[in-house]
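The values are calculated or read from the model by the stated rules, or taken from the named source; none is laboratory data. Because the structure is a prediction, the values reported are computed rather than measured. Note that each Cβ is placed from the backbone with ideal geometry, even for glycine, and that neighbours are counted across all protein chains shown.
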Amino acid sequence: MKSEHINPWKTLSSDKVHESPWISVTKHEVLNPSGNPGTYSVVHFKNLAIGIIPLDKHNNTWLVGQYRFPIEQYTWEIPEGGGLIGVEPVESAKRELKEETGIIAAKWTKIQEMHLSNSASDEFCILYLAQNLEFTKAEPEDTELLEIRKVPFEALYQMVLNGEITDSLTVTAALKIKLMMIEGKI
């Protein structure tokens, strides 16, 4: 939903303070909406965030367990990863699902697009439902030490409701799928 609102921020200067293959961080000297000077640092993501919730004909799904360095915690989440800009997002989703779980899906449905933390970054995410599943061998990247768990979708939904899962892609995907089930779309 695009707004006709005018940007109340004025950028005085910008300086890229960090660059990696995945992100860049830019420090902006600004005048804020009240006209006062300030600093605003923005994290730019060089890839799309992609999340996939695989669902079989018995309403089972698969979660990926891994230690997440930024939050220093082991988490359970849907298969997810980065999609290169310029590559069709669904192709990145297919690659991530196969890499992390060994699952290949014949049916793909985009279920949500969202910004993940628009107060500090421009990271954009696309979530997919993957159905009509075939199972092969997982091929995780060398930076990933993953555990795969098959769970009934209702168990995932309860884990989200109970706060056991806090990953934003997983929370959003589970709530969206539950709504789609209630509406009879799945």
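For every residue, the table says whether it meets (1) closer than 23 Å to Glu99 by Cα; (2) outside the structural domain of Gly51 (by TED's automatic domain parsing).
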{"residue": "Ala120", "(1), (2)": "no, yes"}
{"residue": "Glu123", "(1), (2)": "yes, yes"}
{"residue": "Thr136", "(1), (2)": "yes, no"}
{"residue": "Glu144", "(1), (2)": "yes, no"}
{"residue": "Ile148", "(1), (2)": "yes, no"}
{"residue": "Phe153", "(1), (2)": "yes, no"}
{"residue": "Leu161", "(1), (2)": "no, no"}
{"residue": "Leu169", "(1), (2)": "yes, no"}
{"residue": "Ile177", "(1), (2)": "yes, no"}
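Name every residue in the range 158-179 that is among the polar types (S, T, N, Q), surrounded by fewer than 20 Cβ atoms within 10 Å (Cβ to Cβ) and within 16 Å of Gln73 (Cα to Cα), in order of residue number.
Thr166, Ser168
For the range 87-114: of the residues being of a type in the set (Asp, Glu) and assigned to a helix (DSSP H, G or I), which is surrounded by the fewest Cβ atoms within 10 Å (Cβ to Cβ)?
Per the criteria, the residue is Glu91.
Identify the residue in the range 57-72 that is polar (S, T, N, Q) and at pLDDT 95 or above and, among all such residues, is surrounded by the fewest Cβ atoms within 10 Å (Cβ to Cβ).
If we filter the range 57-72 for residues that are polar (S, T, N, Q), which is where we start, we get 59-61, 66.
Adding the requirement that they be at pLDDT 95 or above leaves 59-61.
Numbers: Asn59: 13, Asn60: 16, Thr61: 27.
Taking the candidates together, the pick is Asn59.
So is Leu129 farther than 20 Å from Arg68 by Cα, in contact (Cβ under 8 Å) with a residue 60 or more places away in the chain, crowded, with 19+ Cβ neighbours inside 10 Å and in contact with a strand residue (DSSP E or B) (Cβ under 7 Å, 6 or more places away or on another chain) or not?
yes
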